[in-house]
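Worksheet: the structure to be examined is printed underneath.
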Amino acid sequence: MEKSGTLLDFAQIDTLSKLSQYTEQRVQREDEPVRAITFVSESPPAEVFDEFDPTGFHIELEDQGEFITASLTRRLKGQGEEYDDDGYRYVEGEFYLFAHDNADVYTAYTISDSDFYKYGLKRYLQALPPELSLSFMDSGDLRRLFEVLDDSIDGQLVATRAVIKSPGANTDVRYFDDTDYFEVFNSPEVAEQDYYVDKLEFEVRQSSRDFSGQVSRKAESRFVDGESAIYFQLLLENVASLISDKSDLFSNRSREYGSREAEPIQITYREGSIEGREENYRLIRALDGLSKSSVTVYHDNPYMHASVLDFNDGTTADVFLTSDSNVSIIPGFNASRRALSRITDQILEGFREGELSVGRGSKRDFDDYFSEG
């Protein structure tokens with residue numbers, strides 16, 4: 001795309017519309033793309049930033065009205081040429097934060113190298129308390145996202161690079177190149193729920209509108225080139241809507257004290273797709289891969305029952321595999337939205353993807369499975 005003229009004066013930017021234009025100009029002028037993450041926060045993130053001070057981070061905020069500008073520095077301890085005589089190196093940069101129309105959903109983005117995004121911005125958000133929760137989109141969500149984009153843009157959506165992965169420790173990665181987006185989701189591996197879609201880089205072609213970018217199942221996205229309106233008004237707004245729907249599945253699911261009643265989070269698969277004792281062990285291995293948590297296995301055959309403790313906030317949840325087509329997650333007391341999302345995402349990535357819902361989908365009485373204490 002031809003480079004635009006004079007860069008907008010940031011001092012005069014006080015609306016999201018102007019910020020979008022400014023971002024488009026910078027992307028066209030600079031080598032780095034927009035790198036963004038969309039997340040959920042029960043309180044305005046600026047309040048969370050002010051209240052909590054994660055070790056090694058320093059942040060300064062400036063309220064611009066419809067968005068916030070933040071300067072972030074992180075001090076990292078280590079060894080190597082990048083570190084000073086005291087063994088430190090500093091990752092610093094600027095990011096922008098704004099709210100979506102969907103309640104409690106926000107996007108933070110930076111126009112920077114991957115080092116600041118990965119070790120600065122993203123790690124900072126991960127270090128904050130559970131009221132701020134990173135989320136995910138499964139393959140079905142990503143497909144719906146691209147269907148909406150396809151309906152909204154006159155042109156062809158081409159996956160210039162797409163990655164699908166098989167669950168588990170020995171991940172088998174498949175790549176696609178210059179493929180219509182729907183061929184990625186219609187591939188036999190994804191259609192049969194044996195693989196999940198991890199990320200897609202895509203372009204708009206055969207259209208009067210230009211755009212190239214990327215989106216991943218972790219609700220991370222990139223704006224590489226083209227129209228900022230496609231990125232901010234179409235891509236990010238629809239990501240926010242999907243994240244909001246996903247968040248509702250994990251909100252207010254705790255068991256109340258004095259009661260065993262809690263609506264389970266269900267992951268449903270095709271009938272007969274989970275057969276044999278090895279599937280129980282596969283699910284256990286998937287849960288064992290969850291960071292900052294512990295897993296206690298009560299039964300591994302003929303059904304699987306395990307309890308997960310999330311060290312981040314003390315959330316507990318029981319996980320059951322009791323049929324050939326269903327995994328149930330029963331929230332414990334004070335189960336947080338972030339922890340339930342992490343556990344569910346780990347099962348979808350490490351075991352296999354399925355359809356998410358809330359409610360009693362099993363024919364068994366879960367009270368029969370709970371351990372006391």
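The values are calculated or read from the model by the stated rules, or taken from the named source; none is laboratory data. This one's a predicted model, so the numbers in the text were calculated from it and none came from an experiment. Cβ placement follows ideal geometry from the backbone for every residue including glycine, while neighbour counts extend to all protein chains displayed. Side chains included, ligands, DNA and RNA excluded: accessible areas come from the protein's heavy atoms. Shrake-Rupley method; radii C 1.70, N 1.55, O 1.52, S 1.80 Å.
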Mind listing whichever residues of region 99-117 are within 25 Å of residue 250 (Cβ to Cβ) and open to solvent by 10 Å² or more (accessible area, probe 1.4 Å)? 99, 100, 101, 102, 103, 104, 106
Which count do you get for residues in region 305-317 that are closer than 21 Å to residue 167 by Cα and at pLDDT below 95? 0
Applying the selection to region 190-206, what residues are over 15 Å from residue 349 (Cα atoms) and either open to solvent by less than 10 Å² (accessible area, probe 1.4 Å) or in a loop (DSSP other than H, G, I, E, B) (or both)? 200, 202, 206
Scan of region 74-98 for residues that are touching a residue at least 12 places away in the same chain (Cβ under 8 Å), out of contact with any Gly (no Cβ under 9 Å at 6 or more places or on another chain) and open to solvent by 80 Å² or more (accessible area, probe 1.4 Å), ordered by number: 90
Which listed residue is under 24 Å from the mean Cα position of the chain (by Cα), in contact (Cβ under 8 Å) with a residue 40 or more places away in the chain and assigned to a loop (DSSP other than H, G, I, E, B), from 313, 318: 313
Evaluate the following for residue 236: is it out of contact with any Phe, Trp or Tyr (no Cβ under 8 Å at 6 or more places or on another chain), open to solvent by less than 20 Å² (accessible area, probe 1.4 Å) and in a loop (DSSP other than H, G, I, E, B)? no
For region 89-136, give me each residue that is out of contact with any strand residue (DSSP E or B) (no Cβ under 8 Å at 6 or more places or on another chain) and among the aliphatic types (A, V, I, L, M). 103, 128
Within region 118-137, track down each residue that is open to solvent by 10 Å² or more (accessible area, probe 1.4 Å) and in contact (Cβ under 8 Å) with a residue 24 or more places away in the chain. 119, 122, 123, 127, 129, 130, 131, 134, 135
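Would you call residue 66 surrounded by fewer than 17 Cβ atoms within 10 Å (Cβ to Cβ) and outside any helix (DSSP H, G or I)? Don't jump to the end; show me each part of the working.
Details: surrounded by fewer than 17 Cβ atoms within 10 Å (Cβ to Cβ): yes; outside any helix (DSSP H, G or I): yes.
Considered against the rule, which asks whether it is surrounded by fewer than 17 Cβ atoms within 10 Å (Cβ to Cβ) and outside any helix (DSSP H, G or I), residue 66 comes out as yes.
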Condition first: under 26 Å from residue 271 (Cβ atoms), among the β-branched types (Val, Ile, Thr) and open to solvent by less than 50 Å² (accessible area, probe 1.4 Å). Now tell me which residues in region 291-321 satisfy that. 319
What is the one condition in (1) part of a helix (DSSP H, G or I); (2) open to solvent by 50 Å² or more (accessible area, probe 1.4 Å); (3) in contact (Cβ under 8 Å) with a residue 12 or more places away in the chain that residue 278 does not satisfy? (3)
Enumeration of residues in region 138-165 that are open to solvent by 30 Å² or more (accessible area, probe 1.4 Å) and farther than 18 Å from residue 221 by Cβ: 151, 154, 156, 165
A careful count of residues in region 175-189 that are open to solvent by 90 Å² or more (accessible area, probe 1.4 Å) and assigned to a strand (DSSP E or B) gives 1
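Based on what the data block shows, is residue 218 at negative phi and assigned to a loop (DSSP other than H, G, I, E, B)?
On the way: at negative phi: yes; assigned to a loop (DSSP other than H, G, I, E, B): yes.
Criteria met by residue 218.
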Any residue that is over 22 Å from residue 27 (Cα atoms), basic (Lys, Arg) and modelled with pLDDT under 95 - is there at least one of those in region 207-222? no
Is it the case, given these coordinates, that residue 228 is farther than 23 Å from residue 41 by Cα and polar (S, T, N, Q)? yes
